[in-house]
Amino acid sequence: MEISSSLRPSEPDESNPTQSPIPNPQSLFSPRAEKLALLLILGVALSLRLHCLTCSSYWHDEGNTWALVQRSFAQIAAAAAADIHPPGYYWLLKLWSLAFGYSPLALRAFSALTGTLTVAVVYAIARSAVGGRRSAVSLFAALLAALNPFQIFYSQEARMYSLLMLESAALVWVALPMADSRRQVIRHHSQFTISFSLLAAAGLWTHYIFPVILASVSVAFLWLRRRDLSAIRKTQYEPSQSPNHPITQSLIPFLLANLIALLLFLPWLPTAIDRVLHWPAGGVDASALDGLRLTLQTLAVGPIRSGPELAWSWLLLVGLLPLIGLWRLRRNPAAPLLALWLLAPIGLMFGLGLFSDSFLKFLLVASPAWCVLAACCVPRIPYSIKRAATYAARSTQYALPLAAVLLAYAVLPTYYADPAARDNYAGMATTVAALGDPATDLVILNAPGQADVWRIYDPGLPVLALPAQRPPARAATEAALAAALADRRQLFALFWATEQADPDGIVEGWLNRHAFKGLESWQGNVRFVQYTLPNQLTCEEFTPPVNFGNAIQLTQICLPAERTVVAGTSLPIALYWQTTAPLDRRYKATLQLLNPQNQVVGQQDGEPGGGGLPTDSWPPAAQVVDNRGLYAPPGAPPVDYRLILALYDSETGARLPVSDGDALALGAIHIARPLHPLPAEIVDMHARLDQPLGPVTLIGYDAYAQGYAHDPSRPLLPGESLHITLYWQAPSPLPADWPQDLQLTLKLGDEQISAALAGADYPTGLWQANDFVRADVEITYHNDAALVLSVDGEEIRLGQVQEGRVR
């Protein structure tokens, strides 16, 4: 067999792993040191994948995994036949759970293990591709995989994607020697056939995207063996007469391995074809540039929401590194296989427009390829280089792993600390348990499958799953809502995938008309909404109507007769509007609770009717009923607040004039203390500290420019006020020397203010044991400086104001 090489035998080529190496000046590691370095990298990889493994909540799909693995193997197969994933992963996880249990920690640990094994396989692939003499490349590839946030994210999820990544990488590793046409005799080809066929079958049983990897390996193999295939057409060849012929040693084992894999998958093949043909739509329209940005961002940091959005300069570097690696391997037989392994999944994303959270995870199978090729950018140090230049060249070898370490340092801490890194069902369940009452309240789940994950964190409230079928039946759904809510006080709705579950918004539309929307927040991709049901509202009619601008009038308002709301619940308010002329602008209403210091403590903004009754659709003289729930935040001091109402342009933010001002005063509202202290865990805050400070504990704080709670990232301008909300926890029990009026001091540069811990109207002498209390303070910003808080002689640095932002 002819061995093709365009290089002179005496010229070392890093792209040729079969060439005998010169003495080893290019390796940074001795064999012993290399093994120790690899063990260290694998230890780091495992630690990063096990660290904070259950800090983020199970989400919808993981709840489905948890429910499936508790069934029998036959029941798992039956459920998978109606799903969009084959049962292989669930079967393996079922075996794992028989030994380690069904807890979130146990199920996620399986993915952490497969993710760590992928790092080892990446090392093996790099070593096989570039040769053992360049140990630095292999170790750097393993380090890139160990630190890669994309891989870490899915190695902490009880889903099949980490296993799929491992199977894809292992298949490429097994195929690499077979693809090298310069290796005349492939030893142990029976081992190759067995390994390849088992890995290929396992991948097919794991996910329907795996054929893309299998096809990539096959195309690369046929391309590299094209000379052998050409020889078949020109000569008569009998395998039995030439046992060492390349056809016998490579092509036949390869074809046999693929045939065995297909036969092993054959029982599921009809189901697989049906599921792929009926795959649900989920891609989004994206330009080529946006698609490229999403692809590179995902390969770099994955779907981590709390991480940085990389600038184009960094994204281009992410794209260029593997291309440079391919160029350096251009004469290496591994290059076509590595290139297809990376580019085929990316091509699938662009070809089918799969740029959404549901499909970007498919790029995970290309992530190990990116690590291998990016590591191949590490420059080679020529044997004849001078000592001074050697140090300079070697310093460049550390640039890539250093960049990987810095990126991981920037991304991973915020990911681990983010409770909404995935859909935060645990946090929502904690909130429902704290605020809800099983006797009077209800939980609504709007999408199939949510019940599985909700059962993991079930707070004990009754659950109603609506719509009951797809497509939803409006009359039956609305009748079920009316019957279920007839005797309820409040409900908690978890809206997820509404485009598929309830595309006409039947459930939310009915709730907006018959209930009062209060707390609303995004917990990952789930919108968590708290509604209050009307109960003995007292209405006040305005005669004459109150004019907002030239055409809009408020004719009536309805409130609870006692004008009291408990902290952590919502105040139901019904506004009755009309217009004297057609409107061509869309306006939003804002209801605000102002404390005695005239600071906004609670606020509800939105278009009338929960967005379903925009002002430009109002017919003249028609009455428009606008139900709203004004949420009283947990920890709000139990004092009286002023309630105001304003209308503003949804585009410009300009308020309409009313009653010689820009807001209508609606009287006093009292926020009452809850019967039981609310847990601090249910409150979202900018920074969580849990720092003892004097006799109290500072749980955390929020900081933003005054009036920009909706946009906390907006930088402060000199002369503006920095609004800070502090969250305090009282000790339990209160000590005998508990202070009656504890004061705080806040410093920002030359500015300094002193105030009661939670305002003069709620001194610490009125606090109760274990009270969770919020306090709002403001300080003027002039220039960047440290933000320092002190209480009772103890001081804490909250952060540094840089470029108008608190960091």
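Amide H contacts under 5 Å for LEU678: PHE772, restricted to partners 5 or more places along the chain or on a different chain, H placed in the peptide plane at 1.01 Å from N.
Where only DSSP H runs of four or more residues are counted, the chain gives -12500 deg cm²/dmol as its mean residue ellipticity at 222 nm, each run worth -39500 (n - 2.57).
With 0.36 nm allotted per residue and the present C-alpha distance subtracted, the GLN691-GLN500 stretch has 64.3 nm of extension available. The translational diffusion coefficient of the range 114-178, from Stokes-Einstein at 10 °C and 1.306 mPa s with a Kirkwood hydrodynamic radius over alpha carbon pairs, comes to 133 µm²/s. Can you give me the Cα centroid spacing of the range 315-330 and the range 443-506 in angstrom? The range 315-330 and the range 443-506 have Cα centres spaced 49 Å from each other. Proximity of backbone amide H atoms, modeled 1.01 Å from N, is registered between PHE548 and GLN553, LEU554 at under 5 Å, excluding neighbours fewer than 5 places apart on the same chain. Ranked by the mean number of other Cβ atoms within 10 Å of their residues, highest first, the peptides 612-621, 742-751 come out as 742-751, 612-621.
Compared with the alpha-carbon gap, the fully stretched path from SER617 to ARG797 is longer by 59.7 nm at 0.36 nm per residue. What the Cα convex hull of the range 601-746 gives, in volume per residue, is 189 Å³.
Taking other residues whose beta carbon is less than 13 angstrom from the beta carbon of ALA439, and scoring Lys, Arg as +1 and Asp, Glu as -1, yields -1. Placing unit charges on the Cβ atoms only, positive for Lys and Arg and negative for Asp and Glu, gives the range 672-792 a dipole magnitude near 180 debye about its Cα centre. Calculate the FRET efficiency for GLN752 and LEU255 from the Cβ-Cβ distance with a Förster distance of 56 Å, rounded to the nearest 0.05. That gives a FRET efficiency of 0.10. Note on the range 530-603: Kirkwood radius taken over Cα pairs, Stokes-Einstein applied at 10 °C and 1.306 mPa s, translational D equal to 110 µm² s⁻¹.
Here the Karplus relation 6.51 cos²θ - 1.76 cosθ + 1.60, evaluated at θ = phi - 60°, turns the backbone of the range 77-89 into coupling constants of 4, 5, 5, 5, 5, 9, 9, 10, 9, x, x, x, 4 Hz, with x for every Gly and Pro.
Accessible surface of ILE573, taken over heavy atoms with a 1.4 Å probe and every protein chain present, rounds to 0 Å². Volume of the convex hull of the range 572-685 (Cα atoms only), normalised per residue: 133 Å³. In loop segments of the range 652-738 as defined by DSSP, the chymotrypsin sites (Phe, Trp or Tyr not before Pro) with at most 16 further C-beta atoms inside 10 Å of their C-beta are TYR708. Centroid-to-centroid, using Cα positions, the range 583-642 and the range 512-543 are 10 Å apart. Dipole of the chain computed with +1 at Lys/Arg Cβ and -1 at Asp/Glu Cβ about the Cα centre; of SER30, VAL378, LEU352, farthest Cα towards the positive end is SER30. Scattering from the C-alpha atoms of the range 701-782 alone, worked out with Debye: what is log10 I(q)/I(0) at q = 0.15, 0.18, 0.26, 0.27 1/Å? Cα-only, vacuum Debye calculation for the range 701-782: -0.61, -0.79, -1.22, -1.28. Note that the chain presents 43 Å² accessible area per residue, ligands and nucleic acids not counted, probe 1.4 Å. Both the radius of gyration and Dmax for the chain are 31.8, 107 Å, in that order, over alpha-carbon atoms. Candidate cross-link partners of LYS517 among the aspartates and glutamates, defined by an alpha-carbon separation under 16 Å and a same-chain spacing of 8 or more, comprise ASP441, GLU508, ASP605, GLU607, ASP626. Taking a spot 7 Å from the Cα of ASP458 along the direction of its beta carbon, which residues of the range 427-442 have an amide N less than 13 Å from it? Output list for this probe position: empty.
Apolar share of the accessible surface for the range 558-701: 50 percent from carbon plus sulfur atoms, 1.4 Å probe.
The values are calculated or read from the model by the stated rules, or taken from the named source; none is laboratory data. Since we're looking at a predicted model, the values are computed, not measured. Positions of Cβ are generated from backbone atoms using ideal geometry, with glycine treated the same way; all protein chains shown enter the neighbour counts. In case anyone asks, the SASA skips ligands and DNA or RNA and just uses the protein heavy atoms, side chains included. Shrake-Rupley method; radii C 1.70, N 1.55, O 1.52, S 1.80 Å.
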